[in-house]
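Beneath this line is the structure, given in structure tokens, with notes to follow.
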Amino acid sequence: MVADAEALVREGTALVLACARTALSARGVFHLALSGGSTPRALYRELARAGDEAGFERWHAWFGDERCVGPEDAGSNHRMAAESGLLARFPADHVHRMRGEDGDAAAAAASYERELRAALGLPPRLDLVLLGLGADGHTASLFPGSAALAAAGWVTVGRAPKPPLQRLTLTFATLEQARALVFLVAGSDKAAALAATLDPSVSAAPPARRAYPLDGDLLWLVERSAAGA
């Protein structure tokens, strides 16, 4: 748990850079999946300020999920990451955008899965996946009661409870293969969902509880107000 939003950004930035150093040393490349939402925005701005020693030329940016809108749309996760300045630090062909705006979400999910497999092989192991937590317990675009929760494969179509309804999202299978999953949670409105996710005695588990690496690290960076009692 961290004291406030500033501490969350500071700790999150240090963590991403540490994961990058480990991946670059071990494999010469760093595959990072970005989260949408308001919480990571400041973290991306801070990451963008990192020096050249971060080795951004060997980073790849992926997305955990995306609304089926164009990259210029105000709700686009890609737009948020681009406006932070972070994506400009990557080689253009290292930024892997989910393209769900063309009207065929299933085809877009299949295309992104092919791209993921081509870059990472099978199973596709991302080095670090940044995740958020919704007040309803969802993560990425894996919403309670949606068909995406049972999807096979590595990328699927999610359905949100509010527009834009269609989303592209990594599946639980992909999250399970990650070398590290890091949840970034801020705000008192997340306290109930966080408690239900982390408490094994709660039988009706939110989707976020299923996001767990089979052979990797799981870390929750939680701002104090989100921790509730």
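Rule-based calculations on the coordinates, nothing more; no lab input. These figures come from a predicted structure and were not determined experimentally. Cβ atoms come from the backbone with ideal geometry, glycine included; neighbour counts cover every protein chain shown.
Values computed for the structure shown
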quantity: Of all DSSP beta bridges in the chain, antiparallel share, percent nearest 5; calculated: 35 percent
quantity: Pairwise label distance in nanometres, Arg45 with Glu83, each label 7 Å out on the Cα-Cβ vector; calculated: 1.1 nm
quantity: DSSP-defined antiparallel bridges as percent of all bridges, segment 137-229, nearest 5; calculated: 50 percent
quantity: Paramagnetic reach from Arg27 in segment 189-229 [backbone N under 18 Å; point 7 Å along Cα→Cβ]; calculated: 212-219
quantity: Pairwise label distance in nanometres, Ala147 with Ala204, each label 7 Å out on the Cα-Cβ vector; calculated: 2.4 nm
quantity: Dipole axis of the chain (+1 Lys, Arg; -1 Asp, Glu on Cβ), positive-most option in Ser25, Phe56, Ala173; calculated: Ala173
quantity: Cα pair distances of the chain binned at 5 Å [whole percent]; calculated: 1, 7, 15, 20, 22, 18, 11, 5, 1, 0
